[in-house]
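Shown next, in structure tokens, is the structure this report addresses.
Readers should treat all values here as calculations from the given coordinates under stated rules, not as data from a laboratory. Being a predicted model, the structure only gives us computed values, none of them experimental. Here the Cβ is made from the backbone with ideal geometry for all residues, glycine too, and neighbour counts use every protein chain on show.
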Amino acid sequence: MKIAVVSSNGKDVDLHLGKGYSLYVYDYEDDDLTFVEHREVDIDLESQHQGSKVIKACEDCDIIIAQQYGFKSKVKANELNIKLVADEGSVDEVLKRYIDHYNFMKN
């Protein structure tokens, strides 16, 4: 499962999806979480409703975790079978919470 985290600094989930100019991608498989890459998205920080650009940059991901996201982004992500998750805190904490929840629901 590939997870993209929207973060300005790689340490904190601190950006709204529509302002997600910086993404950190992880792979979670067999209880092992591995950092894959950092991606940059061409976002105009003065404009709104740019979530579709971020989602397009994450088309190969299963999950996108951002501080917040809007309804249009939710619809676009659903069309591509990508799950959006709203959370905030450190990247490590947020990933742990999501993976714990994922494993709990899986069993």
Between LYS83 and residues 5 or more places away or on another chain, which pairs have amide H atoms under 5 Å apart, with H built 1.01 Å from N, and which residues are they? ILE63, ILE64
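Looking at the chain only, what percent of DSSP beta bridges run antiparallel? Nearest 5 please. Please report the intermediate quantities before stating the final value.
Details: 15 of 23 bridges.
Percentage antiparallel, nearest 5: 65.
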Quick check: the angle from helix 91-106's long axis to the longest principal axis of the chain, C-alpha only, nearest 10 degrees? 60 degrees
Longest segment of the chain with no GluC sites (Glu not before Pro) in a DSSP loop having at most 12 other Cβ atoms within 10 Å? 60-107
Can you bin every Cα-Cα distance in the chain into 10 Å intervals starting at zero and give me the percent of pairs per bin, rounded to whole numbers? 16, 53, 28, 3, 0
When only C-alpha pairs under 8 Å and at least 6 residues apart count, what is the relative contact order of the chain, in percent? 29 percent
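If the limit is 21 Å between Cα atoms, which of LYS2/LYS76; LYS76/LYS96; LYS76/LYS106; LYS19/LYS53; LYS19/LYS76; LYS56/LYS96 go over it?
On the way: LYS2/LYS76 18 Å; LYS76/LYS96 26 Å; LYS76/LYS106 25 Å; LYS19/LYS53 10 Å; LYS19/LYS76 16 Å; LYS56/LYS96 25 Å.
As for pairs spanning more than 21 Å Cα to Cα, those are LYS76/LYS96; LYS76/LYS106; LYS56/LYS96.
Based on the alpha-carbon gyration tensor of region 22-85, what equivalent-ellipsoid semi-axes (square roots of 5 times the eigenvalues) come out, in whole Å, largest first? Kindly include the intermediate steps, with their values, before the conclusion.
Details: eigenvalues 91, 42, 17 Å².
Output for region 22-85: semi-axes of 21, 14, 9 Å.
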